[in-house]
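This report concerns only the one structure given below.
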Amino acid sequence: MRDNQLGRYIVTGICVTLFYVLVYPVLRRAGLGAVPANLTAYCSAVALQYVMHARYTFAVSTRNRSQARRFGITIALGLALSTLITAGIAPRIGMSPFWAATCAAVLIPVLNWILFRFWVFRTEAPHGS
């Protein structure tokens, strides 16, 4: 099932990205600050992302603790980057919440693809092969 992992990654990424980009500005308009809105939108998308990437993109189980831990580390790195963009850089340069979220939603998938493909969801060859 590795034949079109990148294509499946993109489909999953589009779903997760659209979710995040739509939720973040709604939360901001509802009165949440940049950090709580980003945290809420980002964390809400994480469950969808893990299940879709594990099952659909990489065709692996969601019940691997080591994999889940690696996924969590990758997500934490993405959260730090998106928070830097939405709460640090964007307000200082006058960028709207929508465009701040969009910037984060473009940069983070590149980092995630590399880490997901080669670290988080890697499949190991059986011993002796």
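Annotations
- Using R0 = 25 Å, the C-beta based FRET efficiency linking Leu48 and Trp99 works out to 0.65.
- Pairwise label distance in nanometres, Phe118 with Arg63, each label 7 Å out on the Cα-Cβ vector: 3.1 nm
- Residue order, fewest to most surrounding Cβ atoms within 10 angstrom, among Trp113, Trp119: Trp119, Trp113
- Ordering Leu115, Leu48 by the number of other Cβ atoms within 10 Å of each residue's own Cβ, fewest first, gives Leu48, Leu115.
- Relative contact order computed over the stretch 2-120 (Cα-Cα under 8 Å; 6+ residues apart), in percent: 32 percent
- Computed from Cα positions, the angle between helix 5-29 and the longest principal axis of the chain comes to roughly 20 degrees.
- Note on Leu84 and Tyr56: with the Förster distance fixed at 25 Å, the Cβ-Cβ geometry gives a FRET efficiency of about 0.30.
- Simple Cβ-charge dipole of the chain, Lys/Arg +1 and Asp/Glu -1, about Cα centre, in debye nearest 20: 180 debye
No lab work stands behind these numbers, since they all come straight from the coordinates. Keep in mind that this is a model prediction, so the values were computed, not measured. Cβ coordinates were reconstructed from backbone atoms using ideal geometry, including for glycine residues, and neighbour counts include every protein chain displayed.
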